[in-house]
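As structure tokens, the structure follows; a few thoughts come after it.
All of the numbers you see were taken from the coordinates with simple rules; none came from a lab. All figures in this text were calculated on a predicted structure; none of them were measured in a lab. Reconstructed Cβ throughout: ideal geometry from the backbone, glycine too, with neighbour counts over all protein chains shown.
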Amino acid sequence: MSSEDRVTQIRIGKFAIGIIGLDAALSEAEAANLPPDAAAARAILDRLQKSNYVAPGAESEYLEALLREYRKHLGQPVREPPPEGVDVKVLGPGCPNCERLEQLVREVMAAERIAGSLDHVRDVNEIKNYRIFMTPGLVINGRVRCAGRVPSERELLEWLRAAGKEARTASADQH
């Protein structure tokens, strides 16, 4: 699969959205020496709209998210927006245990109606940032919960419920 066809999930507003060809668009902006500003975000969005739907009224959120992604692509520090609900990341290149863990998380979140996002991080360099040495790894709300194994369903449920309570408390504190 080329970078033109690859789907990358990014947070746009409070939603995780799949974007087709984001890596290629970011690389193209970098090759054109575009500075990381609003004009670059506009150029990236214009390119991506050829193969992605952008909901009417959501353009400003897309521009903000694309500028953030472009800055990350350039290696600049970026402040991520706080996630809505529970933020879960499965770390691993796609081995059977990694896929099994991702499926287990999906099933538990759906069965328990736990609001949040799930991302499967396959990039080895990004996985290294979490300082785990064996995959699969599981990160919930920024905290590594396990590495090198698939947790039991009961264990996962306890972690997700606790993270859900923390997220609801944090959200209530912000309002």
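What is the sum of charges, Lys and Arg at +1 and Asp and Glu at -1, for the other residues whose Cβ falls under 10 Å from the Cβ of Gly13? Mind showing how you got there, number by number?
Numbers: positive: Arg11, Lys14; negative: Glu61, Glu64, Glu84.
Charge balance in the 10 Å sphere: -1.
When a/c reaches 1.5 or more, the comparison of a/b and b/c decides; with that in mind, is the range 1-62 rounded, prolate or oblate per its Cα gyration tensor?
Details: a/c = 1.81, a/b = 1.13, b/c = 1.60.
Taking the square roots of the gyration eigenvalues as a ≥ b ≥ c, the range 1-62 is oblate.
Against the set (i) 17.2, 50; (ii) 15.5, 50; (iii) 26.0, 81, the structure's computed Rg and Dmax of the Cα atoms in Å falls on (i).
State which stretch of the chain is the longest one without any exposed chymotrypsin sites (Phe, Trp or Tyr not before Pro), exposure meaning a DSSP loop state and at most 13 other Cβ atoms within 10 Å. If you can, show how the numbers build up before the last one.
Details: sites that count: Tyr53, Phe133.
Counting only loop sites that pass the neighbour cut-off, the longest clear stretch is 54-132.
Relative contact order for the range 1-110: what percent, with Cα pairs under 8 Å and sequence separation of 6 or more? Don't skip to the end; give the middle numbers.
Working: 95 pairs, mean separation 23.3, N = 110.
Worked out over the range 1-110, it gives 21 percent.
When exposed loop sites are taken as trypsin sites (Lys or Arg not before Pro) in a DSSP loop with at most 11 other Cβ atoms within 10 Å, the longest stretch of the chain clear of them is 1-49.
What relative contact order, as a whole-number percentage, does the range 86-174 give when Cα pairs under 8 Å and 6 or more residues apart are counted? That works out to 37 percent.
For the pair the range 97-165 / the range 1-60, the C-alpha centres are spaced 27 Å from each other.
Net charge within 10 Å of Glu80 by Cβ-Cβ distance, Lys/Arg positive one each and Asp/Glu negative one each, not counting Glu80 itself? Before the final figure, lay out each step's value.
Values: positive: Arg11, Arg68, Lys72, Arg79; negative: Asp87.
Residues near Glu80 contribute +3 overall.
Using a cutoff of 8 angstrom between alpha carbon atoms and counting only pairs six or more residues apart, the relative contact order for the range 1-56 works out to 29 percent. Straight Cα distances below 30 angstrom link Lys128 to the lysines Lys14, Lys72, Lys89, Lys165, with same-chain residues fewer than 8 positions distant left out.
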